[in-house]
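J.: Got a structure here, written out as structure tokens. Questions coming.
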Amino acid sequence: TTQGRSEVVQATGSMATAAPSAPASHAPAPSAPRVLCGGDQPLRNVPKGSLPHVEASGAASAGDHISTGDGEWTWLNFFAGWCGPCKEEIPRLRGWEAKLAQEGAPTHFVFISVDDDQRQLTDFLNAQPQAGVKSALWLQSGGNRDGWLAAMKLKNPPDLPEQALIDPTGKVRCVIEGAVEDGDYAQVKALLSAKK
């Protein structure tokens, strides 16, 4: 089961629609702490093959495939250049990537765009700060995207941002719908520190 978030937008071509919010209530209900990757999410494989890659001017290539099963965790982040929550989340993910490496849980972060327009994606990458995302894989619209999302058992169109955590054996261990927050780091580190 995927874990839902309040900050999710649905990819519908190059237009985005905000996810409906719950009606306001007079007394806030106590909320249980959010559990990332809880329960028994079915393991699945990452689709084989290559994806086009797009880079900002002068940036190094992200490569054209997702390397998994090399004994380290891989974090897939699905985003779009028009997605507000995605833009807000990227600096957090880049910070976590460095922090996890320093704390003995090195994780390979892969950013995958579902933008329909390559120019929009290129403009987004060019506008990123130096520590931001300067290259990304591109899951183009059409049959390849449809097949790829189906193989990953992700919604089509996906709710953005969306995360898929690939364990050291190369299996998708967890899918998280929506942006992660600063308070999620302890759970993320505990999961990514696990060896299997």
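The values are calculated or read from the model by the stated rules, or taken from the named source; none is laboratory data. Everything numeric in this text was worked out from a predicted model, so none of it was measured. All Cβ positions, even for glycine, are placed from backbone atoms using ideal geometry, and neighbour counts span all protein chains on display. The protein model used for the area step is the full one, side chains on, heavy atoms only, and it has no ligands, DNA or RNA in it. Shrake-Rupley method; radii C 1.70, N 1.55, O 1.52, S 1.80 Å.
J.: Does Arg94 satisfy being open to solvent by 10 Å² or more (accessible area, probe 1.4 Å), in contact with a Cys (Cβ under 9 Å, 6 or more places away or on another chain) and charged (D, E, K, R)? Walk me through how you get there before you give the answer.
T.: Numbers: open to solvent by 10 Å² or more (accessible area, probe 1.4 Å): yes; in contact with a Cys (Cβ under 9 Å, 6 or more places away or on another chain): no; charged (D, E, K, R): yes.
Answer is no for this residue.
J.: What number of residues within the stretch 162-186 are assigned to a loop (DSSP other than H, G, I, E, B) and either within 15 Å of Ile90 (Cβ to Cβ) or among the acidic types (Asp, Glu) (or both)?
T.: Step one: filter the stretch 162-186 for residues assigned to a loop (DSSP other than H, G, I, E, B), giving 167-170, 178-181.
After this cut, where a residue has to be either within 15 Å of Ile90 (Cβ to Cβ) or among the acidic types (Asp, Glu) (or both) as well, the list is 167, 178-181.
Matching residues across the stretch 162-186 total 5.
J.: So, restricting to strands (runs of 3 or more DSSP E) that lie completely within the stretch 57-148, which ones have at least 2 residues that are under 16 Å from Glu162 (Cα atoms), in contact with a Phe, Trp or Tyr (Cβ under 6 Å, 6 or more places away or on another chain) and touching a residue at least 60 places away in the same chain (Cβ under 8 Å)? Give the derivation first.
T.: Numbers: elements: 73-79, 107-113, 135-138.
Those strands (runs of 3 or more DSSP E) span 73-79.
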